[in-house]
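Chemist: Would you mind keeping the following structure in view while I ask a few things?
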Amino acid sequence: MTPAPAAPETSKWEVAVTGMTCANCSAAVERAIRRRVPEAAEVTVNLATERASVAIPDDAEVQDSVVAAIEWAGYGVIRPSEDGAPPVDAEAEARGRERRDQRRLFLLGLALTGPLFVASMARDFGLIGAWSHALWVNLLFAALATPVQFVVGWGFYRGSWGALRNGTANMDVLVALGSTTAWAYSCVVVGQQVAGTAAPGSHVYFETSAVILTLIRLGKWLEAEARGRTGDAIRRLMELRPPTARRIEGGEEVEVPLDSVRVGDLLRVRPGETVPVDGTITDGRSSVDESMLTGESLPVEKGPGAEVVGGTLNQTGSLVLRATHVGRDTALARIVRMVEEAQGSRAPIQRLADQVSAIFVPVILVVAAVTFGVWYWGVGSDLETSIVRLVAVLVIACPCALGLATPTAILVGSGRSAERGILFRDSAALERAAAIEVAVFDKTGTLTEGRPAVHEIHPAPGRTADEVLRAVAAVEASSEHPLAGAIRRAAAESGVEVGSVVDFEAFPGRGVRARLGSIEGRSVRVGRRSWIEEHLGRELPAELLERAEQAEAAGRTTLWATIDDAPLGLTVVSDQLRPTSREAIAELHRRGVRSVLLTGDNERTARGVAAELGIDEVHAEVLPDRKAEVVQELRDGGRRVVAMVGDGINDAPALAAADVGLAMGTGTDIAMATAPVTLMRGDPRAVAETLALGDATLRVIRQNLGWAFGYNVLLIPIAAGVLWSFSGLPAPLRALHPIMAAGAMAFSSVSVVLNSLRLGRMSIEGSGRPPTEGSRPA
Amino acid sequence: MTTTTVRVKNVTCGHCTGTIEREVAELEGVARVQASASGEVTVEYDEGRLPWADVESLLREINYPPA
């Protein structure tokens, strides 16, 4: 299309968008730009890379209106830098800014609070002269403490206001209320001193409010640092994309930016280079290291026709590939989005923490008020002591760590599992994985390689093997069944001529029927024994039945064929068991999980496989549409937590029926899976790993909640002063000073974060491969 | 003024409720709109100026179809 002559030149403009958490967000941003900026063409918003890209006239006003549209939709914008370079990773930018902000505030607090604290303590303990009790010293203290209160502590006021406006009370309310009480009381005392009405020996608590705010700010800064580390898993995935690709244009190789690669482009990938986008190999052979995506350590041999995934490492040979998926459609971009969505989703256990917090804060406000009342009116203490107790209760109760307990564990847990080739769709799946009691396995492609091969052919009396193969191959040529591929390959290898067929009809789970086109009218059926016998109306040849039974007992699959209602022959197909299947089942048994085989194959074949692998229970000859029902029965009305492991496409209903559906896939098809859990590695041991990861994450969450909550419950009575009458106890225990309370609180937040980070280093039992940091491409 | 509440699909986070409120509020004739994280959208609108079908079609357009 040629633009109208009057139309201004448009060019691509890209900004980073912050705050998007799910696919709905990116859709909302895209829509806002389309609706509010009429000049914008080709709007795309990428959730994974956090970019909005628009084609607009090169005009600052239009750029401003794009920014305004995104901000109207409720999201933040980071503009590209002056030199027109694309913006840096918005996520990293936002995290970095938060870290810098928190650090700056903490250092400001430290600079003001340090001298204030030292001087105040020295004065209280009589280490410096009587001059320090002069009025000007208190005024200086007020001058140091006030900026801490309103600059370092401003975020707590803002947070409190936001919560109170929504009719809730959060931890910011406790911090703001506690520190303000100490500060305001001290201000009143200084005011009285200025006016000359202060009671003799009046004390100020400026250092208390300042230290509380500075310590909690320290906790927030450390938290921000830790969060930056938990996001590393995603960043490492994003960094797998090379910045440029080598495009073949008219016989020449041109290095172009990755963004300009389009579907259909021919790209050259040299040995040692990273595959830039998803594509199909058109020329060349090589071994490709896919470990960064699948966790599978052995390189995979690839030749013409094979699919390669962007982000994997081409090792030995030079390849030419045709791009099939670019930008946000690549497997890598989808994986990143999935991980991010899982990390952004709310775990059910988090809702519990939120509900508890919502009740906890008002309760604490009441407890603090009662504490004050009891000390002031009940015990008859002075106003000062009563206020100190009030402040200590408010500060110790702050459930900051409670808010961190779940999100940090989910963040680290899902990041860690992504490194192992296990993708969780949401955090609920991560939580449920811990509770799996029964693991149901599909056979083909899950426990077996999924690459069936024709093992042997037995013709019926009076027929030849070639005749059988020719007829069966012709009929199966139109079928999408996995076994059909085996037949087609066998026909191609043996060089038999395969004719065309007409009137093809498939009977799912039973077989297929067609008429051979070359020989007019000959009807061929290929399928399972019961279906064939039903149509034949008589027994199959005894000699073949015996062969079939032997093959089935060895775990092989049998396919029967008839031609014009006469037996034609028996084809035996074998699908190699995956080398790790046995170990995977054993590992599940060690964890107390019952294993079940669910397959459409016949009883004998299924039992053969189950015996070989040591599987507990077999459901054979289950048609695809019945698999979901069997899963439901195993769930026993929700009394047992059942996991279903299968390929994401054919077993989708069964995966959906299970409590936890695990789709096992390799290469680009992983992106199509919609199950709660996607195993990117063709290794059934990943099922036990999924369980181990879910288990470990949930355990860490529980520990965190214990840390955060138990600590509060334990220290609140002490802060309230119930131990006061036990004069034998050390002073800090008898009356927990607000400063000690603030320190303990910061410690509790930090210990929760550190506990979550442990998940990132945890070793996963039963996995063949330790994390190989060193083998990753730079 | 009429008040109608409808349950919509696809609400996954607080951003969604924000989007729904902003978009619906832009319709001519809407006095008040509130969306909840559980997927309920309550709209107070002038039936004479805005047929309810227009609200529903907007919700569908922004990918939060009424359930």
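Chemist: Could you state how much accessible area residue B:11 has, in square angstrom rounded to the nearest 10, with a 1.4 Å probe and all protein chains kept in place?
Modeler: In the full protein context, residue B:11 sits at about 30 Å².
Chemist: Hey, another quick one. When averaged across all projection directions, what area in nm² does the alpha-carbon convex hull of chain B cover?
Modeler: Dividing the Cα hull surface by four gives the mean projection, 3.6 nm².
Chemist: Ok, one more. Can you give me the C-alpha center-to-center distance between the stretch A:556-591 and the stretch A:414-466, rounded to a whole angstrom?
Modeler: Taking the Cα centre of the stretch A:414-466 as reference, the centre of the stretch A:556-591 is 12 Å away.
Chemist: In the stretch B:1-32, what residues drop by 50 Å² or more in accessible surface going from the chain by itself to the full protein assembly, probe 1.4 Å?
Modeler: Correct list: B:15, B:22, B:23, B:26.
Chemist: Once amide H atoms are placed 1.01 Å from N in the peptide plane, what residues at a sequence separation of 5 or more from residue A:456, or on another chain, have their amide H within under 5 Å of its amide H?
Modeler: A:572
Chemist: Please arrange B:28, B:47, A:98 by accessible surface area, largest first, computed with a 1.4 Å probe and ligands excluded.
Modeler: Heavy-atom accessible area, descending, gives B:28, B:47, A:98.
Chemist: Please compute how much accessible surface disappears when A pairs with B, both sides summed, using a 1.4 Å probe, and round it to the nearest 100 Å².
Modeler: So the total buried area for this chain pair works out to about 1100 Å².
Chemist: Can you work out the Karplus-derived ³J(HN,Hα) for every residue in the stretch A:571-583? Use 6.51 cos²θ - 1.76 cosθ + 1.60 with θ = phi - 60°, whole Hz, and x for glycine or proline.
Modeler: 10, 9, 10, 10, 10, 4, 5, 5, x, 9, 4, 4, 5
Chemist: As a test question: what accessible area, to the nearest 10 Å², does residue A:124 have when a 1.4 Å probe is rolled over all protein chains in place?
Modeler: Its heavy atoms expose roughly 60 Å² to the probe.
Chemist: Calculate one ³J(HN,Hα) per residue across the stretch A:699-705 by plugging θ = phi - 60° into the Karplus curve 6.51 cos²θ - 1.76 cosθ + 1.60, and present them in order as whole Hz with x for glycine and proline.
Modeler: 5, 5, 4, 4, 4, 4, 4
Chemist: From the phi angles alone, apply the Karplus equation (6.51, -1.76, 1.60; θ = phi - 60°) to the stretch A:584-591 and give each ³J(HN,Hα) in whole Hz, x where the residue is Gly or Pro.
Modeler: So the Karplus estimates, Gly and Pro as x, are 4, 5, 4, 5, 5, 4, 4, 8 Hz.
Chemist: Here is a further query. Take A:556, A:104, A:758, A:681 and sort them by solvent-accessible surface of the protein heavy atoms, 1.4 Å probe, largest at the top.
Modeler: A:104, A:758, A:556, A:681
Chemist: Pull up the cross-link candidates among the aspartates and glutamates for residue A:12, meaning alpha carbon to alpha carbon under 17 Å and not fewer than 8 places away within one chain.
Modeler: Output for residue A:12: A:30, A:39, A:42, A:50, A:58, A:59, A:61, A:64, A:82, A:83, A:259.
Chemist: Now, a different point. By the scheme Lys and Arg +1, Asp and Glu -1, what is the net charge of all other residues having a beta-carbon under 11 Å from that of residue A:623?
Modeler: +1
Chemist: Can you give the accessible area of residue A:12 in Å² (nearest 10), computed on protein heavy atoms with a 1.4 Å probe?
Modeler: 120
Chemist: Test of understanding: what is the full-extension gain from residue A:369 to residue A:449, defined as 0.36 nm times their sequence separation minus their Cα-Cα distance?
Modeler: Taking 0.36 nm per residue and subtracting the Cα distance, the gain is 22.1 nm.
Chemist: What is the sum of charges, Lys and Arg at +1 and Asp and Glu at -1, for the other residues whose Cβ falls under 13 Å from the Cβ of residue A:260?
Modeler: -1
Chemist: Computed on alpha carbon atoms, what radius of gyration and Dmax characterise the stretch A:569-634, expressed in Å?
Modeler: Taking only Cα atoms of the stretch A:569-634, I get Rg and Dmax of 13.0, 45 Å.
Chemist: Measure off, as a whole percent, the carbon and sulfur share of the 1.4 Å-probe accessible area of the stretch A:433-500, all protein chains present.
Modeler: Within the stretch A:433-500, the accessible surface is 46 percent carbon and sulfur.
Chemist: Quick one: order A:117, A:424, A:125 from most to least accessible surface, probe 1.4 Å.
Modeler: If we order A:117, A:424, A:125 from most to least accessible, we get A:125, A:117, A:424.
The values are calculated or read from the model by the stated rules, or taken from the named source; none is laboratory data. Not measured: the values here are computed from a predicted model. Don't worry about glycine lacking a Cβ; one is built from the backbone with ideal geometry, like all the others, and counts go over all protein chains shown. When the accessible area is computed, the model is the full protein with side chains, heavy atoms only, and any ligands, DNA or RNA have been set aside. Shrake-Rupley method; radii C 1.70, N 1.55, O 1.52, S 1.80 Å.
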